[in-house]
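Chemist: Have a look at this one before I ask anything.
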Amino acid sequence: MRRRTDLRNPVARLGSRDPETRRRAAKELALHPQREAVPKLCWRLNPEHDGSEDVREWCAYALGKGRAVAGVPTLVRALTDPIRDVRCIAASALGAIGDRRAAKHLRDLLQSDEDDLVCQYALTALATLAPTDDRTAGAAVRVAQDESRAPALRQLAARVSAVHNALSSEAAPTAQPMQLELLTGAEPTRPNGVHEPAVIRLPRVVYEPERDTDLAEQVKRQRRGICQVCGVPPFRTRTGAEYSEAHHIDLLAEGGPDTAENMLVLCANCHCKLQFANVEYERGRAGRPRAVRINGERFNIRWRGGPAWA
């Protein structure tokens, strides 16, 4: 007598003879990972055991979402799946799991797979697994120099190489995640029904000049938080603190000094204008600006305290 499938248990439904039932079960396990599902997902990811590419895509995706380290050997084998989408998602899953043992297989995939989209996913997974590994940089450089590759893939490879160089330098700052859209003109490969941002994540190296936040707070207190351009007083936040902002006349990023003489106290609106509008300062003999033109409109800069500044 044939055993009936427990329809409430997605792990049990992976054993169904119906491909659509198996696909929905794998999708449910991707959205709600279960450790006990890993062996069944790995078994279904083998094309000899499941001929449905949709099921295999979702199984690979579920292993990645569940950070299933035990699934790494199966995902590595899936990098040679005959279906491109399965290879893409397997590479993405290996990057999500974070097991650096997969890096060698991803580098091999970059050399052996002629599909540019597969290589994009492999390269992104490598940048996640081993961004400071010289072998990652070497693989990226080879792809970037390969004129037979798509421009989007070569551009991505060049960025991965640049990130490696920055992170490997002695004065490397902290890398922060950045979303990098695929430049293929099409959305990235995802199993049908997965609603996630169409992005690839890469580290971004951010260089920020050091600034004296204590000095900025002192300047705002001394000038009573009143905007030196429009004269608007500070507003109170929900915590009761007075809010205003400090702006460097000569920007720190352009070599300006972090001193009180180089700071203006501004409201948030005027600060945005000085950051993004066309700005020209009229400076006095001592070099301190006495007025500023914002998109051609002239405003006196108030350097004396009180609402009746001239």
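Chemist: Consider Arg101 carefully, then state whether it is under 20 Å from Val55 (Cβ atoms) and among the basic types (Lys, Arg). Let's see the steps before the verdict.
Modeler: Values: under 20 Å from Val55 (Cβ atoms): no; among the basic types (Lys, Arg): yes.
Considered against the rule, which asks whether it is under 20 Å from Val55 (Cβ atoms) and among the basic types (Lys, Arg), Arg101 comes out as no.
Chemist: Given the conditions (1) closer than 14 Å to Arg302 by Cβ; (2) surrounded by fewer than 19 Cβ atoms within 10 Å (Cβ to Cβ); (3) touching an Asp or Glu at 6+ places or on another chain (Cβ under 7 Å), which single one is not true for His271?
Modeler: All conditions pass for His271, except number (1).
Chemist: Farther than 20 Å from Asp85 by Cα, part of a helix (DSSP H, G or I) and out of contact with any Lys or Arg (no Cβ under 9 Å at 6 or more places or on another chain) - does that describe any residue in region 42-62?
Modeler: no
Chemist: Which one is farthest from Asp99 (Cα to Cα) among residues in region 52-78 that are surrounded by fewer than 22 Cβ atoms within 10 Å (Cβ to Cβ) and over 24 Å from the mean Cα position of the chain (by Cα)?
Modeler: Going residue by residue through region 52-78, those that are surrounded by fewer than 22 Cβ atoms within 10 Å (Cβ to Cβ) are 52-54, 65, 67, 69-70, 72-73, 76-77.
Those still in the list that are over 24 Å from the mean Cα position of the chain (by Cα) too: 52-54, 70, 73, 76-77.
On the way: Ser52: 27, Glu53: 25, Asp54: 25, Ala70: 10, Pro73: 10, Val76: 11, Arg77: 15 Å.
Among them, the one singled out is Ser52.
Chemist: Go through region 273-291 and give me each residue that's in contact with a Pro (Cβ under 8 Å, 6 or more places away or on another chain) and either small (Gly, Ala, Ser) or within 18 Å of Cys227 (Cα to Cα) (or both). Steps first, answer last, please.
Modeler: Looking only at region 273-291, we keep the residues that are in contact with a Pro (Cβ under 8 Å, 6 or more places away or on another chain), and these are 281-283.
Selection gives Tyr281, Glu282.
Chemist: Report whether or not Tyr281 is farther than 20 Å from Thr213 by Cβ and of a type in the set (Phe, Trp, Tyr).
Modeler: On the way: farther than 20 Å from Thr213 by Cβ: yes; of a type in the set (Phe, Trp, Tyr): yes.
So Tyr281 fits the description; yes.
Chemist: Among the numbered criteria (1) modelled with pLDDT of 90 or more; (2) on the phi > 0 side of the Ramachandran plot, which one does Gly240 miss?
Modeler: (1)
Chemist: Looking at region 102-147, what helices (runs of 4 or more DSSP H) fall wholly within it and have at least 1 residues that are exposed (fewer than 15 other Cβ atoms within 10 Å of the Cβ)?
Modeler: Numbers: elements: 103-112, 116-129, 134-145.
It comes to 103-112, 134-145.
Chemist: Kindly indicate which of Glu245, Glu282 is over 20 Å from Ala216 (Cβ atoms), surrounded by 12 or more Cβ atoms within 10 Å (Cβ to Cβ), acidic (Asp, Glu) and at pLDDT 90 or above. Break it down stepwise before answering.
Modeler: Numbers: Glu245 fails: over 20 Å from Ala216 (Cβ atoms).
So the residue among Glu245, Glu282 that is over 20 Å from Ala216 (Cβ atoms), surrounded by 12 or more Cβ atoms within 10 Å (Cβ to Cβ), acidic (Asp, Glu) and at pLDDT 90 or above is Glu282.
Chemist: For residues that are closer than 24 Å to Ile89 by Cβ and polar (S, T, N, Q), scanning just region 113-164, find the one that is farthest from the chain's Cα centre (by Cα).
Modeler: Applying the filter and picking the extreme gives Thr136.
Chemist: Next up: Given (1) charged (D, E, K, R); (2) outside any loop (DSSP other than H, G, I, E, B); (3) closer than 19 Å to Leu109 by Cβ, where does Asp81 come up short, assuming only one miss?
Modeler: All conditions are met except number (2).
The values are calculated or read from the model by the stated rules, or taken from the named source; none is laboratory data. None of the values given here were measured: they were computed from a predicted structure. No Cβ is skipped: glycine too gets one built from the backbone with ideal geometry, and neighbour counts run over all protein chains shown.
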